[in-house]
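The values are calculated or read from the model by the stated rules, or taken from the named source; none is laboratory data. Fair warning: this is a prediction, and the values are worked out from it, not measured in the lab. Please note: Cβ atoms are built from the backbone with ideal geometry, for glycine as well, and neighbour counts cover all protein chains shown. Ligands, DNA and RNA are stripped out before the accessible areas are found, and what is left, the full protein with its side chains, is counted by its heavy atoms. Shrake-Rupley method; radii C 1.70, N 1.55, O 1.52, S 1.80 Å.
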Amino acid sequence: MKARIAAFLLLILASTFALAQQQTPAAWAVKASADYWVHPDRVYGVANNYQLKLDVWQQHNAKEPLPTVIYIHGGGWIWGDRTGAVPQLLPYLEKGWNAVNVEYRMANVSLAPAAVADCRCALRWVIQHAKEYGIDANRLVLTGHSAGGHLSLITAMLDQSAGLDSNCPGTEPLKVAAVVNWYGISDVTDLLFGPNYKNYADMWLGTQANRVDVAKRVSPLTYVRKDLPPILTIHGDADDVVPYSHATRLHAALDKVGATNKLITIKGGKHGGFSDADYQSAYEQVFQFLDRNVQPTQKPH
C-alpha cells in the first residue's frame, strides 16, 4: 500500500513537472508511476537517540544496476526536510535513474559536524544496500541545494583522517562518481565573521569552544586535491545567501590542483529561483557533465 501511495504521489508530481517544463511528455509520468517502487523511511543510522532516515526510489523493471542520485536537502543546516525535496529528484527519474532522498540532523538536534557525519553514513548505507535496490555503486552522484550542496561536496571530498565516519560501521570506501553542487557553501569559516557573516552558519556551529576548528573541518576547501570525483557547481552571481565567491574560490582551487570540475554561473541569479530558461540550460549542462563523467560499469569479457 505504501508503494502504491508513493507511486501515485510520483505521478502527480511528475505530471506537474511535465506541465511546468513543457518538455516531458505526460506519458512518462504514467510510465514512472508503474516502473518505480518507493521504499520510504529506511533507517540508515541512529545518533543521539534520533533515527536517521532516507527514501529509495527504485526502477524495479531495470535489467542492470542503475546510476543513482543521492539528494541532500538544503535549509542552512537549521531547517528543511527530505519530504519537501521530492521534486528535485524528478529530472533524474525522468532519465531512468534511481534516487535516494536523505535527511540528517538539524542544528536543533545536534550542532556541526553532526550533519556531515550523517551524510557520510547515508552514503555508506547506500553502498552497502546497492544490490538490494538495483543501485550501481560505481555510478553514485551526490547533489543538493545550498546547505545540501555543501553537504554533497563535503561528503564526497572528506578525508577519512577527519574522523567523522566512526558512527558508520563498515569498511567500504566512501566514493562517488560525481557531485552536482547547487550554490553550496565551500568555506564555512567565511560565514562566521566579517562581511560574509551569516546567522545560519553561526547557529549550526553554536557556542562550541572549538567552533572555528570545526568550521574548517567541515569546509570543502579544506580537502581540495586532484583525486576527487568530478564536481559541477551552479551558482548565481547575485546570491545574497551563499556568496558567489564560494563557487569561484572552489572552482579556482580545484583548477589549481588539476581536479575535474566546472562552474556554471547564472548571470544575475540569486539564491535559486532562477528563470525557467536558466534552469533548463543548467540541467542540460548537468546531464552533459554526467554523461561525460559517470560511465557505465564495464563488464568483464
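Observations on the structure shown:
- Residue match in the range 167-176 (condition: under 29 Å from Gln295 (Cα atoms), surrounded by fewer than 19 Cβ atoms within 10 Å (Cβ to Cβ), free of Cβ contacts under 8 Å to residues at least 60 places away in the same chain and in contact with a Pro (Cβ under 9 Å, 6 or more places away or on another chain)): yes
- Residue within the range 270-292 that is more than 30 Å from Pro65 (Cα to Cα), outside any helix (DSSP H, G or I) and of a type in the set (A, V, I, L, M, F, W, C) present: yes
- Flag if Ile78 is hydrophobic (A, V, I, L, M, F, W, C), closer than 13 Å to Ala115 by Cα, open to solvent by 10 Å² or more (accessible area, probe 1.4 Å) and touching a residue at least 40 places away in the same chain (Cβ under 8 Å): yes
- Which listed residue, of Ala117, Ala107, Ala156, Ala112, is more than 18 Å from Val294 (Cβ to Cβ) and in a helix (DSSP H, G or I): Ala117
- Members of the range 178-208 found to be assigned to a loop (DSSP other than H, G, I, E, B) and at positive phi, listed by number: Tyr183, Gly206
- Residue among Ala259, Ala177, Ala253, Ala215 that alone is farther than 16 Å from Ile154 by Cβ and aliphatic (A, V, I, L, M): Ala177
- Selection from the range 18-74 of residues that are of a type in the set (S, T, N, Q), open to solvent by less than 30 Å² (accessible area, probe 1.4 Å) and at pLDDT 90 or above: Gln58, Thr68
- Every pair of residues 6+ apart whose Cβ atoms lie under 8 Å, when the first sits in the range 108-130 and is of a type in the set (S, T, N, Q) while the second is surrounded by fewer than 22 Cβ atoms within 10 Å (Cβ to Cβ): Asn108/Ile78; Ser110/Ala47; Ser110/Asn48; Ser110/Tyr50; Gln128/Gly170; Gln128/Glu172
- The range 221-267, subset farther than 21 Å from Tyr197 by Cα and of a type in the set (Asp, Glu), residue surrounded by the most Cβ atoms within 10 Å (Cβ to Cβ): Asp255
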